[in-house]
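To start, the structure itself, in structure tokens.
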Amino acid sequence: MSSLLPTAIGLTLVLYALAMGIALLRLMHGPSAQDRVLAMDFMYVVGMLVMLVLAIRYDSRMYFEGALLMVLFGFVGSMALAKFLLRGEVIE
Amino acid sequence: MTQHWSEIVVAALLLASGTLVLTAALGLARLPSFFLRMHAPALASTLGAWAVTLASIVHFTAHEGTLSLHAWLIIIVLSITAPVTTIVLSRAALFRRRRAGDAALPPALGGRP
């Protein structure tokens, strides 16, 4: 029974990789610019979840800071792109 | 015995989160219009992230013997930032499609985009 957790972690990472691949397809030929921004924001969230799963896998707390930074940078990046789509410039 | 129990809970939460994130990605790929596609990633950033955070709290609490709630910070930050991004992005999409002359959209109410 001790191989339950590594199996579940591997399967979860495979599911995340599939989700990121589908989102990458949407990012590459999304019909409009806001579709691409949405797909990029989703990929940031999935990357953050991958970091959290790796923290469980390697039993280390070092990944939490990375995950937190990934949330913050994803927010700033998506916000800047959305402001650019809305106004034509980021900082007014 | 405690080890055993926490492993089952962590594995179930991780697999639930993986399924939810894959469902969100399928929604992002398959839904027909942008305003429908906008709903799909919320599944990953709320329920998927909650499941992984609960799994990591259970795992680290069971391994170290003390309550470790530091992963909760990610949920707090994510629940502040995700709605703001969604609202600004939806307003940008509405503004762009109104400016492109999309007749299927309702007219603006107060003159603001």
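Checking A:L85 against (1) without any contact (Cβ under 8 Å) to a residue 24 or more places away in the chain; (2) within 9 Å of chain B (Cβ to nearest Cβ): exactly one of these is not met. Which one?
The one condition A:L85 does not meet is (1).
Mind telling me which of the residues A:L4, A:L27, A:L54, A:L72 ends up being within 15 Å of the chain's Cα centre (by Cα), at the interface with another protein chain (Cβ under 9 Å from one of its Cβ atoms) and surrounded by fewer than 20 Cβ atoms within 10 Å (Cβ to Cβ)? Steps first, please.
On the way: A:L4 fails: within 15 Å of the chain's Cα centre (by Cα); A:L27 fails: at the interface with another protein chain (Cβ under 9 Å from one of its Cβ atoms); A:L54 fails: at the interface with another protein chain (Cβ under 9 Å from one of its Cβ atoms).
Exactly one residue qualifies, and that residue is A:L72.
Limited to segment B:14-52, what total is found for residues that are polar (S, T, N, Q) and within 9 Å of another protein chain (Cβ to nearest Cβ)?
Of the residues in that region, 4 qualify.
Give me a count of the residues in segment A:32-44 that are surrounded by fewer than 24 Cβ atoms within 10 Å (Cβ to Cβ) and within 21 Å of B:L13 (Cβ to Cβ).
Summing the residues that are surrounded by fewer than 24 Cβ atoms within 10 Å (Cβ to Cβ) and within 21 Å of B:L13 (Cβ to Cβ) in segment A:32-44 gives 0.
Filter segment B:75-98 down to the residues that are more than 8 Å from chain A (Cβ to nearest Cβ), aliphatic (A, V, I, L, M) and over 19 Å from the mean Cα position of the chain (by Cα) and list them by number.
B:L94 - this is the single residue of segment B:75-98 that is more than 8 Å from chain A (Cβ to nearest Cβ), aliphatic (A, V, I, L, M) and over 19 Å from the mean Cα position of the chain (by Cα).
Looking at (1) closer than 20 Å to A:M62 by Cβ; (2) at pLDDT 85 or above; (3) exposed (fewer than 14 other Cβ atoms within 10 Å of the Cβ), which one does B:R30 not meet, given that it meets all the others?
Answer for B:R30: the failing condition is (1).
With respect to B:A49, is the statement that it is assigned to a helix (DSSP H, G or I) and touching a Gly at 6+ places or on another chain (Cβ under 9 Å) true? Break it down stepwise before answering.
Working: assigned to a helix (DSSP H, G or I): yes; touching a Gly at 6+ places or on another chain (Cβ under 9 Å): no.
No.
The values are calculated or read from the model by the stated rules, or taken from the named source; none is laboratory data. Just so it is clear, the model here is predicted, and its values are computed rather than measured. Glycine also receives a Cβ, built like all others from the backbone with ideal geometry; neighbour counts cover every protein chain displayed.
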